[in-house]
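Please read the structure below before turning to the comments.
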């Protein structure tokens, strides 16, 4: 460290040649909001100076804009279905050099072993992967997941240099009621002087004070302008999410002003590999925001300096002496097309292509992670008995993880629910897959629009049981059984035939394939699901995966039954007569 510091000072003072000098660049200054001119001198992995410098190697930026490396401040890598290494390749292509991830998906399946897997597989990558420890495994006590994590399970991870704190606290009732286990985690995090992420879905303004009082200082669950303002008013960082399902940028961007923009970030939260490849990561949010009139420099600040300051990462987020040499070159700030990317002073993307030799070959499979352990089900297990034809129904809101509760009349045959294609009333099933309990929750959902077949997946936030939607029980059962055969993933069935599968052998969440192979597999899956003749305005697979997430309004389904977010309790599908 001393030798590097002395060298950097000598280079800064022009007593020694820089390792690399970037010339002829328009430097985006996120501190002042201005465009600077000058050479950028690099010594080892840091920026040594900006001005007039000479170096052992000179790179002509040819008038391109030099932008700090982008930061996605809240993302679940597992939701991309990629390993950390393959995820890194995709994000670097889009100028993202740092992410802050919460591995609570794999932790809900495999506990501490899942966290360790993500830490191990993200070592020595040219993408800086920082970790927030899962706070709610399970998300709420009512869930049936693969593991339970207490404060003493998390404490050993605080010695890891890339662990920043406690991830999104989604169990608001446990904070509100000062639940012992939750208090242990909050106190432990503060003892280690680390940060705490929020998850305040559906929390009204007065109750939001509880989170701020507990040193929870950011949130990504705002979906309305008022919710955005509430968070900013209470001194929280506002994370504006634009993922595959949850797309909140359009609704929240008007909340960003010249006065409060430095407290605002763009994040992705959950984004599938196809959207990452085709749209990008937070670079996509930057482009969308600029298209809608946000000043380009402010948009860039939100995914660089703002994100770095939010997580107290004082050596990234800007192009400045002493900062890490993480930056990208773009031709046009409004189009924001990434040309080249540098991480720690090394070029990792050139002419829009990842430099593969920057990655060490890994074995992605881990035998210690649990396999699918679901009880054998029958058609009888999938029947939904009803005492009334008036029912509580989960209604999908396209491109949102929030659902509506509607009450409608349904078809009842011999005392059991019968799907209605005309009314778009389909059967939703959640089957426990960790401990062979045989629990199967059944409910009614509308919004998919399927005319035949079924879809099933082991991606079922956050407990990741099997979740399936279908027009008939035969196809539902076939899809569930096929999932067990491939040891997790996604299955599409139509009229008694398995028409497509996507295996996810790593905890039923992650592929062991490279990102291009998985991308092609997912494209094929998206094509095959069209045979079910559903709506094509949203992603059906990721939408399905959020229908069991009990910490998001309004109605959800677990293996134990229909769950009401507002009462935080289970309720009958049939409306009491």
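The values are calculated or read from the model by the stated rules, or taken from the named source; none is laboratory data. Bear in mind that the values here come from a model prediction, so they are computed numbers and not experimental data. Note that we place each Cβ from the backbone using ideal geometry, even for glycine, and neighbour counts take in every protein chain shown.
Looking only at the stretch 455-477, which residues are touching a residue at least 40 places away in the same chain (Cβ under 8 Å) and not in a loop (DSSP other than H, G, I, E, B)? Correct list: 455, 457, 466, 467, 468, 469, 470, 473, 474, 476, 477. Is one or more of the residues making up the stretch 432-446 without any contact (Cβ under 8 Å) to a residue 60 or more places away in the chain and within 16 Å of residue 532 (Cβ to Cβ)? The answer is yes; a qualifying residue exists.
For the stretch 409-431, a tally of residues being in a strand (DSSP E or B) and within 23 Å of residue 388 (Cα to Cα) returns 14. Scanning the stretch 326-334 finds one or more residues that are at pLDDT 95 or above, more than 25 Å from the chain's Cα centre (by Cα) and not in a loop (DSSP other than H, G, I, E, B). Restricting 309, 346 to those that are outside the structural domain of residue 218 (by TED's automatic domain parsing) and either closer than 16 Å to residue 91 by Cβ or out of contact with any strand residue (DSSP E or B) (no Cβ under 7 Å at 6 or more places or on another chain) (or both) reduces the list to 346. Yes or no: residue 434 out of contact with any strand residue (DSSP E or B) (no Cβ under 6 Å at 6 or more places or on another chain), at negative phi and either assigned to a loop (DSSP other than H, G, I, E, B) or not assigned by TED's automatic domain parsing to the domain that holds residue 400 (or both)? Answer is yes for this residue. Candidates in the stretch 290-304 are the residues that are in contact with a strand residue (DSSP E or B) (Cβ under 9 Å, 6 or more places away or on another chain) and surrounded by fewer than 24 Cβ atoms within 10 Å (Cβ to Cβ); of these, the one that is nearest to residue 253 (Cα to Cα) is 298. Residue check: is residue 480 in contact (Cβ under 8 Å) with a residue 12 or more places away in the chain and touching a helix residue (DSSP H, G or I) at 6+ places or on another chain (Cβ under 8 Å)? Judged against the criteria, residue 480 is not a match. Being part of a strand (DSSP E or B) and either more than 30 Å from residue 242 (Cβ to Cβ) or not assigned by TED's automatic domain parsing to the domain that holds residue 559 (or both) is a description that applies to residue 442. Scanning the stretch 136-159 for residues that are buried (at least 22 other Cβ atoms within 10 Å of the Cβ) and touching a helix residue (DSSP H, G or I) at 6+ places or on another chain (Cβ under 6 Å) yields 137, 145, 146. All conditions but one from (1) without any contact (Cβ under 8 Å) to a residue 12 or more places away in the chain; (2) in a loop (DSSP other than H, G, I, E, B); (3) farther than 21 Å from residue 46 by Cα apply to residue 314; the one that does not is (3). Hey, any hits in the stretch 509-518 for a residue that's in a helix (DSSP H, G or I), buried (at least 21 other Cβ atoms within 10 Å of the Cβ) and in the same structural domain as residue 442 (by TED's automatic domain parsing)? Looking for residues that are in a helix (DSSP H, G or I), buried (at least 21 other Cβ atoms within 10 Å of the Cβ) and in the same structural domain as residue 442 (by TED's automatic domain parsing), one finds at least one in the stretch 509-518, hence yes. Among the residues of the stretch 356-371, those that are surrounded by 15 or more Cβ atoms within 10 Å (Cβ to Cβ) and touching a strand residue (DSSP E or B) at 6+ places or on another chain (Cβ under 8 Å) comprise 358, 364, 366, 369.
Matching residues to (1) closer than 30 Å to residue 525 by Cα; (2) not in a strand (DSSP E or B):
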| site | (1), (2) |
| --- | --- |
| 189 | no, yes |
| 223 | yes, yes |
| 229 | no, yes |
| 239 | no, no |
| 257 | no, yes |
| 271 | yes, yes |
| 274 | yes, yes |
| 286 | yes, yes |
| 294 | no, yes |
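In this structure, residue 361 does not qualify as modelled with pLDDT under 95, under 25 Å from residue 254 (Cα atoms) and in a loop (DSSP other than H, G, I, E, B). Condition check: under 28 Å from residue 460 (Cα atoms) and in contact with a strand residue (DSSP E or B) (Cβ under 8 Å, 6 or more places away or on another chain). Does residue 70 satisfy that? Here the answer is no, as residue 70 does not meet what is asked.
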